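K.L.:
I have a structure here, written as structure tokens, and I will follow up with some questions on it.
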Amino acid sequence: MQRRLATSVLLAPAGLWFAVMLVLPLCFVLVFSLGERGAAGGYVPAFTFEQYANLPARGQAFLNTLILAPVGTLLALLIAYPLAYHLAQGVGPKWRTMLLILVIVPFWTSILIRSYAWIFLLGGQGVPALIEWMGFGAVRLINTRFAVLTGIVYGYLPLMVLPIYVSLERLDRRLLEASADLGAPPLRSFLQVALPLSLPGVATGCMLVFILLMGEFLIPAMLGGGKVFFIGNALVDLFLQSRNWAFGAAVAVTLVAIMLGTVTFYLMLMRRLGGARGNVDLI
Amino acid sequence: MKDKIDHISRRKFMEELRRYQKGSVTRRHFLGVTGLGTAAAVLGAAMPGLLPRRAFAQGSIGDRVVLATWPNYHDLANFDAFTAETGAAVQVNVFGSNEEMLAKLQAGGSGWDVFVPTNYAISTYVDQDLIEPLDLSLLPNYDAASFDPRFADPGTVGGKLYAVPKNWGTTGFAVNTSRSGGTTPATWKEFWDLTQTTFSGRTMVHDYQLTTIGNALKYFGFSFNSVDPAELAKAEELLLAAKPHLFAINSDYQPSMRSGDAWMTICWTGDGKQLNRDMPEIAYVLGREGGELWSDFYAVPKSAPHRAAAYALIDFLLRPEVNAREALFHGYPVPDARLSAILPAEVLADPILYPAADLLNALEFGAAVTLTDPNRAELMARFKSA
């Protein structure tokens, strides 16, 4: 009894935080999404599903996001996995700490400032000038989907590297030795031993990156020159520009629903991967 | 030749003056060099003890005043002088669009004491009961007779004065003439045609439906303010056709124009002036078909937490000598006749700031409905996501 009381007391601050800062605002958004836009913008109470019926008006933005978010996640995974593998299995403890710090350091600088750096790197006087100087002709990099993808992969790479690194770091080397002793060549050991055991880390990294990408608006606005329109950009415009809060709320609710679907899928996947262990690790 | 030397020496003088202003105090020098203008205000608000104070009038209007305004729109030295005089630190919030300001005030709890709405937004603020009629007894420096009624009138709604003029300006376009074969395009027709031909991939438009749609409407000779569905459909057709040829949809166009990535952009007076001053090959053009004329104002929200300080700040900024320093900083024309005696002659004769009468007369003030029309907002969203 006392134990339960202690648990409740300890959980109260976090519970209160989630109730006031997450559940309550979500309720407001849900109510707003059933309302109407006022003549000068804002929100007028109503009970209508008109806003949801109007969702196809942002279909292109949803489509852009649902294409670029998975592609960005996949690219981040392809770049992060070898790096994480090398960090976990290929280098000594001294180098490992050093390299881990290098992976984390960019997080100490605001993504806004790092995006400005990319604007200069990809701008006409940056990499394209170098490419032209080397005689490969004029290319345009900034304000393209390529630039947005580059910024996304760069920005979220650490979130992919770290969970994969953790799952590979816990990998028992003796399993790989046993696999080799039983005659498996290195590639087969990797595919049948290391890779399956690191899948929880892969799934966690993919989910972290994918969910953040779905809500991303800064990188497309800065590196896409406003021409690459994510659902996050649509939300910013709906709330701050056209002030169509009712429609904005409906778009937000839809986005949250897509995210919840993704998380549910992730939890199911983890349960299967967790298999006999029966527990679900986030990292 | 003589003119050129004269010009440089005068410019140098202004630079030296500003350097002196900035160098006179270490803190200010630091903020000036790093360009952290807002930081100065925030720091001042967070730690009022850091600010120089005088004995008189201390505390009578409180220790701070919150101003919501546009980027690069005030001489920070003026704010320091205001703080030194009254003890109230000026905290600055910078915004990107009238819609954004309206959204913040509509949502409530903005904490603003003074803000800077544009002509077409004022009646909406009045309708929404968000701003108060100004108490002129608290603004002795406001001399209604010295303000050009063309730019001051939108501040009066229903016979009551809700806002006093700050400065006015135009929305034209800036073009790098070294890229257009020495000729300077003169119309919006040329703007959009060049965008889709020789300037492909080099043009920028504002991330702002009012000006981007408005100037697409001008291509067909329609009103800048049109909300007619058939006319908007024509504008949308043009915008969608031009989109693949655009460099960017972004209201922060100076960096790209300066680096040479962009060659042409929809542009406001002050940015046009700054670009032309530093790169004479960049011309500022008002389309012959017309376009937008606008006027910015100071207004006080009903919810202002420091009302006395709000009036004190507006009155201070309306002092002709203070306002002249503001004008030299932001590069927009101020519709106060009292400034004519203070501002340098070449500023008053500048064709970018004070366009020829025929160009000026073709321009339209933005209308309230242009800002709030839902169809224009949806058109902009389709244009951006296409």
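K.L.:
Could you identify the single residue in B:280, B:185 that is away from every other protein chain (no Cβ under 14 Å), under 30 Å from residue A:129 (Cα atoms) and crowded, with 16+ Cβ neighbours inside 10 Å?
P.N.:
From the options B:280, B:185, the qualifying one is B:185.
K.L.:
Provide a single number: the residues in region B:101-119 that are within 12 Å of chain A (Cβ to nearest Cβ) and crowded, with 16+ Cβ neighbours inside 10 Å.
P.N.:
Counting residues in region B:101-119 that are within 12 Å of chain A (Cβ to nearest Cβ) and crowded, with 16+ Cβ neighbours inside 10 Å gives 6.
K.L.:
Another one. Is it the case, given these coordinates, that residue B:346 is more than 14 Å from chain A (Cβ to nearest Cβ) and part of a helix (DSSP H, G or I)?
P.N.:
Spelling it out, residue B:346 is indeed more than 14 Å from chain A (Cβ to nearest Cβ) and part of a helix (DSSP H, G or I).
K.L.:
Right, next: Going by what's in this entry, would residue B:195 be described as of a type in the set (S, T, N, Q) and within 14 Å of chain A (Cβ to nearest Cβ)?
P.N.:
Here the answer is yes, as residue B:195 does meet what is asked.
K.L.:
Which members of region B:124-146 meet the condition of being at pLDDT below 95 and touching a Gly at 6+ places or on another chain (Cβ under 9 Å)?
P.N.:
Matches in region B:124-146: B:124, B:128.
K.L.:
Being more than 14 Å from chain B (Cβ to nearest Cβ) and either at negative phi or of a type outside the set (S, T, N, Q) (or both) is the requirement here; does residue A:123 meet it?
P.N.:
Taking the combined requirement at face value, the residue does not satisfy it.
K.L.:
Could you tell me which residue of region A:110-126 is surrounded by the fewest Cβ atoms within 10 Å (Cβ to Cβ), considering only residues that are under 16 Å from residue A:144 (Cβ atoms) and in contact with a Gly (Cβ under 8 Å, 6 or more places away or on another chain)?
P.N.:
A:120
K.L.:
Is there a residue in region B:68-77 that is in contact (Cβ under 8 Å) with a residue 40 or more places away in the chain and buried (at least 24 other Cβ atoms within 10 Å of the Cβ)?
P.N.:
No, region B:68-77 contains no residue that is in contact (Cβ under 8 Å) with a residue 40 or more places away in the chain and buried (at least 24 other Cβ atoms within 10 Å of the Cβ).
K.L.:
Look at region A:156-198 and say how many of its residues are among the acidic types (Asp, Glu) and over 29 Å from the mean Cα position of the chain (by Cα).
P.N.:
Of the residues in that region, 2 qualify.
K.L.:
Right, next: Of the residues in region B:331-343, how many are in contact with a strand residue (DSSP E or B) (Cβ under 7 Å, 6 or more places away or on another chain) and either surrounded by fewer than 20 Cβ atoms within 10 Å (Cβ to Cβ) or within 14 Å of another protein chain (Cβ to nearest Cβ) (or both)?
P.N.:
Matching residues across region B:331-343 total 1.
K.L.:
Give just the number: which of (1) within 13 Å of chain B (Cβ to nearest Cβ); (2) surrounded by 15 or more Cβ atoms within 10 Å (Cβ to Cβ); (3) not β-branched (Val, Ile, Thr) does residue A:87 not satisfy?
P.N.:
(1)
K.L.:
Let me ask something additional. Go through B:312, B:386, B:304 for me and flag whichever is in contact (Cβ under 8 Å) with a residue 40 or more places away in the chain, buried (at least 23 other Cβ atoms within 10 Å of the Cβ) and more than 19 Å from the chain's Cα centre (by Cα).
P.N.:
B:312
K.L.:
Between B:228, B:252, B:153, B:193, which is surrounded by fewer than 18 Cβ atoms within 10 Å (Cβ to Cβ) and outside the structural domain of residue B:285 (by TED's automatic domain parsing)?
P.N.:
Just a single option satisfies the conditions, and that option is B:153.
K.L.:
Could you tell me which of the residues A:18, A:28, A:62 is surrounded by 15 or more Cβ atoms within 10 Å (Cβ to Cβ) and either assigned to a helix (DSSP H, G or I) or within 14 Å of another protein chain (Cβ to nearest Cβ) (or both)?
P.N.:
Of A:18, A:28, A:62, the one residue that is surrounded by 15 or more Cβ atoms within 10 Å (Cβ to Cβ) and either assigned to a helix (DSSP H, G or I) or within 14 Å of another protein chain (Cβ to nearest Cβ) (or both) is A:62.
K.L.:
May I pose another question? Name the pairs: first residue in region B:128-144 and farther than 11 Å from residue B:315 by Cβ, second residue modelled with pLDDT under 95, Cβ to Cβ under 7 Å, at least 6 apart or on different chains?
P.N.:
Taking only residues 6 or more apart or on different chains, the pairs are B:128/A:40; B:128/B:106; B:130/B:105.
K.L.:
Being of a type outside the set (A, V, I, L, M, F, W, C), out of contact with any Gly (no Cβ under 8 Å at 6 or more places or on another chain) and farther than 29 Å from residue A:152 by Cα is the requirement here; does residue A:42 meet it?
P.N.:
yes
K.L.:
I've got another one for you. Based on what the data block shows, is residue B:148 acidic (Asp, Glu) and surrounded by 15 or more Cβ atoms within 10 Å (Cβ to Cβ)?
P.N.:
Criteria met by residue B:148.
K.L.:
Among what's in region B:205-225 and is buried (at least 24 other Cβ atoms within 10 Å of the Cβ) and in contact with a Gly (Cβ under 8 Å, 6 or more places away or on another chain), pick the residue that is nearest to the other protein chains (Cβ to nearest Cβ).
P.N.:
B:210
For (1) in a helix (DSSP H, G or I); (2) of a type outside the set (Ser, Thr, Tyr); (3) at pLDDT below 95; (4) within 30 Å of residue B:82 (Cβ to Cβ), each residue gets a yes or a no:
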{"position": "B:277", "(1), (2), (3), (4)": "yes, yes, yes, yes"}
{"position": "B:280", "(1), (2), (3), (4)": "no, yes, no, no"}
{"position": "B:305", "(1), (2), (3), (4)": "no, yes, no, yes"}
{"position": "B:310", "(1), (2), (3), (4)": "yes, yes, no, yes"}
{"position": "B:313", "(1), (2), (3), (4)": "yes, yes, no, yes"}
{"position": "B:317", "(1), (2), (3), (4)": "yes, yes, no, yes"}
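K.L.:
Let me ask something additional. Any residue in region A:251-274 that is β-branched (Val, Ile, Thr), part of a loop (DSSP other than H, G, I, E, B), at pLDDT below 90 and surrounded by fewer than 16 Cβ atoms within 10 Å (Cβ to Cβ)?
P.N.:
no
K.L.:
Mind listing whichever residues of region A:1-37 are over 29 Å from the mean Cα position of the chain (by Cα) and not hydrophobic (A, V, I, L, M, F, W, C)?
P.N.:
A:2, A:3, A:4, A:7, A:8, A:35, A:36, A:37
K.L.:
Still on this structure, I have one more. Please state which one of A:247, A:217, A:239, A:229 is surrounded by fewer than 23 Cβ atoms within 10 Å (Cβ to Cβ) and in contact (Cβ under 8 Å) with a residue 12 or more places away in the chain.
P.N.:
None of the other options fit; the residue is A:217.
K.L.:
Filter region B:349-386 down to the residues that are within 14 Å of chain A (Cβ to nearest Cβ) and touching a strand residue (DSSP E or B) at 6+ places or on another chain (Cβ under 7 Å) and list them by number.
P.N.:
Of everything in region B:349-386, those that are within 14 Å of chain A (Cβ to nearest Cβ) and touching a strand residue (DSSP E or B) at 6+ places or on another chain (Cβ under 7 Å) turn out to be B:374, B:377, B:384.
The values are calculated or read from the model by the stated rules, or taken from the named source; none is laboratory data. Being a predicted model, the structure only gives us computed values, none of them experimental. Heads up, the Cβs are rebuilt from the backbone with ideal geometry, glycines too, and the neighbour counts pull from every protein chain shown.
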